[in-house]
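Engineer: Below are the structure tokens for one structure; questions will follow.
The values are calculated or read from the model by the stated rules, or taken from the named source; none is laboratory data. Just so it is clear, the structure is predicted and the values come from calculations on it, not from any experiment. No Cβ is skipped: glycine too gets one built from the backbone with ideal geometry, and neighbour counts run over all protein chains shown. The area values use the complete protein model at the heavy-atom level, side chains included, leaving out ligands, DNA and RNA. Shrake-Rupley method; radii C 1.70, N 1.55, O 1.52, S 1.80 Å.
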Amino acid sequence: MKICKETYIRRRAQLSKDMGSGLLLFLGNDEVGMNYLDNTYKFRQDSTFLYFFGLDYAGLAAVIDVDADAQIVFGNELTIDDIVWTGTQPTLKEKAETVGITKTLPMSELKNYIDKARQKGQPVHFLPPYRGDHKVWLWELLGIEPAAQAEKASVPFIKAIVAQRNYKDEEEIRLIEESVDLSTEMHLAAYRTVRPGISESQVAAVVEEVACRHGNSLAFPTIATVQGQVLHNHGFIHDLKEGDIFLLDAGAETQSHYAGDLSSSMPVGEKFTERQETIYNIHLASFQAAVDTLKLGVPFRDAHIAAATKIAEGMKDLGLMKGDPAEAAESGAYALFFPCGLGHMVGLDVHNMENLGEQYVGYAEGQVKSKQFGFKSLRFARPLEVGFVFTVEPGIYFIPELMDKWRAERQFMDFINYDKLDAWRDFTGLRNELNYVMTKDGARLLGTIKKPMTLEEVYKAKNS
């Protein structure tokens, strides 16, 4: 399934209406060399370019000239040298027509077009760049040095894009659900594979093969580790042994480029130890507390606090925390065990539009993003609305370095029993993650294939 031409036409028309005037500049991505020019990374088009123009080709740019009511794609036709190496492709005009664009120009005309607009006093709106080649390109096109570009990026342009991309229609939701289902298949493959004596890299290979076999790719680098206390552990250097917890964070990006994002925690052996089961069940209770909070108009921050409170309750039952769990959550003391945010928006980016700024995507107008440890990692806090697609991913982690730092600084002494932590330094960490969409009837779990969550489901998947 693909996005239809009429959808792209509608999106661009809405963007023009919302902006009102000006020249809107879209820079597509190009090929990037890994270690020399012709040995390139796998090409991935810029997501905002994809959202409004849908052209999954390198070497393109586009403008929407709101004042002139013009939409133009800029690019170069393939030379015979290109064709020898890449094969025959549609012409630039043919490509553009598939998404409702009737005017194309050579790339050499882009600067001329922009210069004429600026000479007329027309504002040129651009987005904050996240790639080095875009920074150089903007410098050449607009004369703005790279260090100043993020600050001078157009906030109205960012907000107008977020106002569309934050809200998923049924067409997008179906595409995201395809990615979620494929992501679930990747995780089920891990459940069947994980056992003592194999390596993290072997599990990662099995997981990633599921995506590749279907002609798709990864939404982000896979995390496959027995060192779950390291939140983004991309190195596959350990062997699995009895008694370990294996943590997988992996998601598929289908050919539509929409992402799925799931995480799972499972025993390396047949079952968790008794202590591991205890922490896993505290985690499940925190997950359910967060999901129970998901209601239209309720800030996602409330779901984060609900999960943090439940984790603090569980840690208090184990003697690791003390005091009122709700106060521990609001104060930030919970972050010793849950230092990350509960979730984030998902779409064409696994962290949707993170390049445009979390304060615009995940926070409502007037909401202030905290700078406090724990809360500063909450990417998504705004009130829930119909069409939001997001993840729920509480976790419980025992990070020795963080324990030592907080103990030395005497942080949250009213909430944390530091003398009881030593027995848990080797626990590592665990988490689970699912994807949801807000509907008029509330939050709906995405995916037609069930990912194991309860202990019974995990053990059944492990032994299937």
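Engineer: Of the listed values [x] 0.94; [y] 0.98; [z] 1.06, identify the label whose number matches Cα Rg over 2.2 N^0.38 Å calculated from this model.
Structural biologist: Answer label, from the structure shown: [z].
Engineer: Quick one: grab the alpha carbon gyration tensor of segment 245-335, order the square roots of its eigenvalues as a ≥ b ≥ c, and give me rounded if a/c is under 1.5, else prolate or oblate depending on whether a/b is larger than b/c.
Structural biologist: It is oblate, given that a/c is not under 1.5 and a/b is not larger than b/c.
Engineer: How much length would be gained if the chain were fully extended between Asp115 and Lys152, taking 0.36 nm per residue of separation minus their Cα-Cα distance, in nm to one decimal?
Structural biologist: Length difference between fully extended and current span is 11.6 nm.
Engineer: Ranking request for peptides 283-289, 420-426: highest mean number of other beta-carbon atoms within 10 Å first, then the rest in descending order.
Structural biologist: The densest-packed peptide leads the list: 283-289, 420-426.
Engineer: Further question: Could you work out how far helix 155-165 tilts from the main Cα principal axis of the chain, as a 0 to 90 degree angle to the nearest 10?
Structural biologist: That works out to roughly 70 degrees.
Engineer: Moving on. Relative to the longest principal Cα axis of the chain, at what angle does helix 200-213 sit, 0 to 90 degrees, rounded to 10?
Structural biologist: Between helix and principal axis, roughly 40 degrees.
Engineer: While we're looking at this one, here's another question. Mind listing which trypsin sites (Lys or Arg not before Pro) in segment 432-464 are in a DSSP loop and have 14 or fewer other Cβ atoms within 10 Å?
Structural biologist: Those satisfying the criteria are Lys440, Lys450.
Engineer: Helix-only mean residue ellipticity at 222 nm, the chain, DSSP H runs n ≥ 4 weighted -39,500 (n - 2.57), per residue, nearest 500. What is it?
Structural biologist: Helix contribution divided over all residues of the chain: -11500 deg cm²/dmol.
Engineer: For the pairs Lys241/Lys462; Lys241/Lys271; Lys168/Lys310, note any where the Cα-Cα span goes beyond 24 Å.
Structural biologist: Result: Lys168/Lys310 exceed 24 Å.
Engineer: List the lysines whose alpha-carbon lies under 27 Å from that of Lys116, not counting same-chain residues fewer than 8 positions away?
Structural biologist: Once the sequence-local lysines are set aside, what remains near Lys116 is Lys17, Lys93, Lys95, Lys103, Lys135, Lys152, Lys159.
Engineer: With r as the distance between the Cβ atoms of Tyr57 and Lys369 and R0 = 45 Å, compute the FRET efficiency 1/(1 + (r/R0)^6) and round to 0.05.
Structural biologist: Numbers: r = 36 Å, r/R0 = 0.79.
Rounded to the nearest 0.05, the efficiency is 0.80.
Engineer: Something else now. How high is the relative contact order of the chain, in percent, with contacts defined as C-alpha pairs under 8 Å that are six or more residues apart?
Structural biologist: Contact order relative to length: 14 percent.
Engineer: Of all DSSP beta bridges in the chain, what percent run antiparallel (nearest 5)? Write out the running numbers ahead of the final one.
Structural biologist: Details: 40 of 45 bridges.
Just about 90 percent of them are antiparallel.
Engineer: May I ask you to order 105-112, 429-436, 305-312 by the average number of other C-beta atoms within 10 Å around their residues, highest value first?
Structural biologist: Those peptides, ordered most packed to least, come out 305-312, 429-436, 105-112.
Engineer: Which lysines, on any chain, are close to Lys405 with Cα under 20 Å apart, when same-chain ones fewer than 8 places away are left out?
Structural biologist: Lys322, Lys371, Lys376, Lys420
Engineer: Classify segment 377-464: rounded, prolate or oblate, from the alpha-carbon gyration tensor (a ≥ b ≥ c, eigenvalue square roots; a/c under 1.5 rounded; otherwise prolate if a/b is larger than b/c)?
Structural biologist: oblate
Engineer: Could you give the accessible area per residue of the chain, probe 1.4 Å, as a whole number in Å²?
Structural biologist: Accessible surface, normalised per residue, equals 44 Å².
Engineer: Given labels modelled 7 Å from the Cα in the Cβ direction, how far is it in nm from Thr40 to Thr86?
Structural biologist: 0.6 nm
Engineer: Can you list the residues, at least 5 places off or on another chain, whose amide H is less than 5 Å from the amide H of Ile416, using H built in the peptide plane?
Structural biologist: The answer is Lys322.
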